[in-house]
Each structure stands twice: as C-alpha cells, then as structure tokens.
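Note sheet for the following structure.
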Amino acid sequence: MIDIAANLARVRERIALACRRSGRDPSGITLVAVTKTVASAEVAEIYRLGLRDFGENRVREGLARKSALAAADARWHMIGHLQRNKAAEVLAGGFASVHSVESAKLLDILDREARRLGTRPGVFLEVNVSGEASKYGVAPAEVGGLVRLAAAKPGLELLGLMTMAPLSANPEAARPVFRGLAEIRRNIEAETGIRLPHLSMGMSGDFETAVEEGATLLRVGSALFA
C-alpha cells in the first residue's frame with residue numbers, strides 16, 4: 001500500500017533542505033505531481049493532502065484524470081511532447097500550461113486556439129540542453145528567437161524554459177544541464193529584455209539538484225506515487 005501522505009511529506013522536506021543549502025525560499029517552488037499511470041483515487045488523495053498542481057504526459061489520459069478529479073482549483077500542466085494536432089484539445093480541456101513548446105508552428109497553433117477559446121494559457125519553451133538525439137526541445141542557440149516569437153503572441157503567457165536531464169542514477173549528472181538552462185535564461189533575458197520567470201526542471205531522481213540550480217517547478221511522479 002502506497003503511503004502518499006508520507007511520500008509527499010518526504011518530498012517536501014527534501015525540497016526544503018535543498019532550498020536551505022542553496023539559500024532559497026521553498027515558497028518560490030511549485031511541486032507538480034506527475035500523474036501518468038496513477039490511479040484516479042491516488043490523484044484524489046494527494047489533492048486532499050493539499051497539492052494543487054498536476055502534470056500529464058498524454059492528452060487523453062490527462063483529460064480523463066482531470067475530469068475524474070473535478071476540482072476547479074486544480075492546475076493541470078501538459079508536460080509531455082505535444083503533437084500539433086492535439087494542441088486544440090489540450091486548451092479546450094482546460095490545461096493551465098504547456099511545458100513542452102519547441103517550435104514556432106506549435107506556438108502559432110496554441111496562440112490561435114487560445115484566442116478562439118478566450119483563454120491565455122502559460123507556455124514554457126523546451127530546450128534540449130544536453131544535446132541528446134532522443135530528447136525533444138529546441139537547440140540552445142535557437143532559444144532566443146523562439147522567446148521573441150512567444151512573447152509576441154497575445155493569446156499566450158510566456159512563463160519560462162523547460163528541460164529534461166539525461167537519465168542517470170547519479171543526480172549530479174543532471175547538474176550541468178540544469179545549470180546550463182539557468183545560464184541560457186540569464187543570457188536571453190539580458191539580450192532581449194524579456195522576462196522568463198520560471199524554470200521547469202527536475203524529476204523524481206534529481207529534483208534536489210534542480211532546486212539548487214534554480215528550478216521553480218519540479219515535475220515529480222514516482223517519488224510521490226511509488
């Protein structure tokens with residue numbers, strides 16, 4: 001039997017300790033519970049425990065869990081790769097933000113659909129900091145141009161940048177990637193004058209390292225639900 005309450009308390013304590021090490025305030029960090037493959041009853045339980053942000057990798061499954069929870073104050077984040085033909089479905093389904101925007105075409109579609117629906121979802125631009133061929137995301141050298149495009153879209157709120165580190169049993173292996181995303185943000189803000197307030201980075205195996213390197217949103221699944 002999974003003790004979700006104990007898991008959530010443990011994750012929050014680890015976040016607090018990482019904040020202490022890096023001189024940060026835990027209130028500046030949002031924990032996003034990744035609900036992929038998680039039963040609706042477990043989603044409802046962690047909501048009852050006070051969590052309000054939920055992340056989904058797939059559109060249909062996410063919409064089903066969102067509908068089952070039926071909580072007006074829950075914020076749902078699309079964190080997985082989003083195909084352009086699913087963009088309208090995500091926005092119509094009430095997702096608050098998309099963390100995986102990697103092209104001008106996807107920005108165009110999201111902006112058009114958001115204005116049609118009268119919503120203004122948040123977007124994160126996904127950056128392939130590690131350079132792995134298996135990872136989605138725009139190359140670091142191309143981020144500045146995409147930031148300018150995103151900032152000019154009236155239907156979208158540009159929230160920041162997102163990345164995924166290489167899978168590793170050693171959390172320190174993720175540090176150069178997280179540090180690299182933070183540096184990309186600093187450089188682009190200085191170059192463009194466009195503010196990028198958030199960094200979405202860090203998962204169950206490396207979220208403490210992400211906190212130490214400036215993450216503001218953590219996408220955590222198995223540490224909560226396993």
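Being within 17 Å of residue 220 (Cα to Cα) and over 20 Å from the mean Cα position of the chain (by Cα) narrows it down to one residue among 4, 46; which is it?
Values: 46 fails: over 20 Å from the mean Cα position of the chain (by Cα).
Exactly one residue qualifies, and that residue is 4.
Residues in the range 6-25 that are in contact with a helix residue (DSSP H, G or I) (Cβ under 9 Å, 6 or more places away or on another chain) and of a type in the set (A, V, I, L, M, F, W, C) were compared, and the one that is farthest from residue 210 (Cα to Cα) is 8. Condition check for residue 197 on (1) crowded, with 16+ Cβ neighbours inside 10 Å; (2) touching a strand residue (DSSP E or B) at 6+ places or on another chain (Cβ under 7 Å); (3) under 27 Å from residue 15 (Cα atoms); (4) of a type outside the set (D, E, K, R): one failure, at (1). Could you list, in sequence order, all residues of the range 72-85 that are under 18 Å from residue 34 (Cβ atoms) and in contact with a helix residue (DSSP H, G or I) (Cβ under 8 Å, 6 or more places away or on another chain)? If the condition is that a residue be under 18 Å from residue 34 (Cβ atoms) and in contact with a helix residue (DSSP H, G or I) (Cβ under 8 Å, 6 or more places away or on another chain), then 74, 76, 78, 82 are the ones that fit.
Residues that are within 24 Å of residue 51 (Cα to Cα) and either in contact with a Lys or Arg (Cβ under 7 Å, 6 or more places away or on another chain) or aliphatic (A, V, I, L, M) (or both) within the range 95-110 comprise 96, 98, listed in sequence order. Residue check: residue 53 meets all listed conditions (1) under 18 Å from the mean Cα position of the chain (by Cα); (2) in contact (Cβ under 8 Å) with a residue 12 or more places away in the chain; (3) more than 17 Å from residue 91 (Cα to Cα) but one, namely (3).
A quick yes/no check of all residues on (1) within 30 Å of residue 135 (Cβ to Cβ); (2) assigned to a helix (DSSP H, G or I); (3) among the hydrophobic types (A, V, I, L, M, F, W, C):
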| site | (1), (2), (3) |
| --- | --- |
| 8 | yes, yes, yes |
| 18 | yes, yes, yes |
| 21 | yes, yes, no |
| 36 | yes, no, no |
| 68 | no, yes, yes |
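Applying a threshold of 7 Å to beta carbon distances and a minimum spacing of six or more residues, or different chains, the list of pairs starting in the range 59-87 at a residue that is surrounded by 14 or more Cβ atoms within 10 Å (Cβ to Cβ) and modelled with pLDDT of 95 or more and ending at one that is of a type in the set (Val, Ile, Thr) and in a loop (DSSP other than H, G, I, E, B) reads 65/35. Of the candidates 82, 91, 63, 110, the single residue that is assigned to a loop (DSSP other than H, G, I, E, B), under 27 Å from residue 137 (Cβ atoms), within 19 Å of the chain's Cα centre (by Cα) and hydrophobic (A, V, I, L, M, F, W, C) is 82. Of all the criteria given as (1) out of contact with any Pro (no Cβ under 9 Å at 6 or more places or on another chain); (2) modelled with pLDDT of 95 or more; (3) small (Gly, Ala, Ser), the one not satisfied by residue 160 is (1). A residue that is buried (at least 20 other Cβ atoms within 10 Å of the Cβ), under 15 Å from the mean Cα position of the chain (by Cα) and either among the polar types (S, T, N, Q) or within 20 Å of residue 219 (Cα to Cα) (or both) cannot be found anywhere in the range 169-177. Could we say that residue 141 is over 18 Å from residue 219 (Cα atoms) and buried (at least 21 other Cβ atoms within 10 Å of the Cβ) here? Considered against the rule, which asks whether it is over 18 Å from residue 219 (Cα atoms) and buried (at least 21 other Cβ atoms within 10 Å of the Cβ), residue 141 comes out as no.
The values are calculated or read from the model by the stated rules, or taken from the named source; none is laboratory data. In this text the structure is predicted, and so the values were computed from the model without any measurement. Cβ atoms come from the backbone with ideal geometry, glycine included; neighbour counts cover every protein chain shown.
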